[in-house]
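Have a look at the structure below, then the notes.
The values are calculated or read from the model by the stated rules, or taken from the named source; none is laboratory data. For clarity, every value in this text was computed on a predicted model and none was experimentally measured. Side chains included, ligands, DNA and RNA excluded: accessible areas come from the protein's heavy atoms. Shrake-Rupley method; radii C 1.70, N 1.55, O 1.52, S 1.80 Å.
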Amino acid sequence: MTKRYWNITFKEMMKAGVHFGHYTRKWNPRMAPFILGKRKGIHITNLTKTARFLSEACDLAFYAASKGKQFLIVGTKKKAADSVTRAAIRARCHYVHKKWLGGMLTNWYTTETRLRQFRDLRTEQKTGKLNSLPKRDAAMLKRQLSHLETYLGGIKYMTGLPDIVIIVDQQEEYTALQECITLGIPTICLIDTNSDPDLADLSIPANDDAIASIRLILNKLVFAICEGRSSYIRKN
């Protein structure tokens, strides 16, 4: 896999607060190799390591996208949800930004059934079929459609398991990460100083609480995916 230049600068990482970790009392000792020091009771992430692993993640994302691989981006906490949605739409990736439903990947048959039901209800709504039903039945199906849109809207076009999963905040999305590990799906994970760097296939040490930090990391990955997709289109 050829290394590329992704223009990751210390200035932009500092400005986004990528280097700020959690309080020292909340740290995971396995993160020690990625921590530069501490300041006012907060661990400071080594941005040299961040730049290195983010660059490697971008290389992987570019290579996978250039081969036509499918991505799923997961980030359900409030600070990440909007950035995840925007990034996924921009890069034409599937995404989960509300709540991870247990078994979403490991019980794919059930998820697929729900997605078919979701698509059918959307079609019925668009064609006006729902409005021709008795009011009570129509209201029930519309509530069901709204529920499915909330939790499955970001994966409505997913027809199979993703090739790579990008996870924002390992602690928050631990169930999703475990499902990927069980299925052998490669993961790129944003990890803060309270995380375990050995769980994901490729971990990027960075602040997973600041919106600016999350947005910066996702923007770099999305740019790599878009570049890879362009390469794939040119080749085909």
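Points worth noting:
- Using alpha-carbon coordinates, inclination of helix 47-66 to the longest axis of the chain, degrees: 40
- Principal-axis tilt of helix 135-152 within the chain, Cα atoms, nearest 10 degrees: 20
- Here the convex hull built on the C-alpha positions of segment 181-236 has a volume of 96 cubic angstrom per residue.
- Phi-derived couplings, Karplus 6.51 cos²θ - 1.76 cosθ + 1.60 at θ = phi - 60°, listed residue by residue for segment 73-85: 10, 10, x, 9, 6, 4, 5, 9, 3, 5, 5, 4, 4 Hz, with x used for Gly and Pro.
- Accessible surface ranking for 36, 130, 1.4 angstrom probe, highest first: 36, 130.
- Close amide H pairs (under 5 Å, H built 1.01 Å from N) link residue 166 with 72, 73, 74, 188, residues at least 5 positions away or on another chain.
- Taking amide hydrogens as placed 1.01 Å from N in the peptide plane, the amide H of residue 28 sits under 5 Å from those of 194, 195, each at least 5 positions away in sequence or on another chain.
- Relative contact order of the chain, defined on C-alpha pairs under 8 angstrom at six or more residues apart (%): 31
- Distance from segment 1-71 to segment 107-153 (C-alpha centre basis), Å: 40
- With respect to the chain, whose longest principal axis is taken over its alpha-carbon atoms, helix 108-126 is tilted by about 60°.
- Ellipticity estimate at 222 nm from DSSP helix runs (n ≥ 4, -39,500 (n - 2.57)) divided over the chain, nearest 500: -16000 deg cm²/dmol
- The amide H of residue 45, built 1.01 Å from its N in the peptide plane, has 20, 21, 36 as neighbours under 5 Å, considering only residues 5 or more places off or on other chains.
- Per principal axis, descending, Cα span of the chain in whole Å: 65, 46, 32
- For residue 60, the solvent-accessible surface computed with a 1.4 Å probe is close to 50 Å², ligands and nucleic acids excluded.
- When nucleic acids and ligands are ignored and a 1.4 Å probe is applied, residue 119 ends up with an accessible area of around 80 Å².
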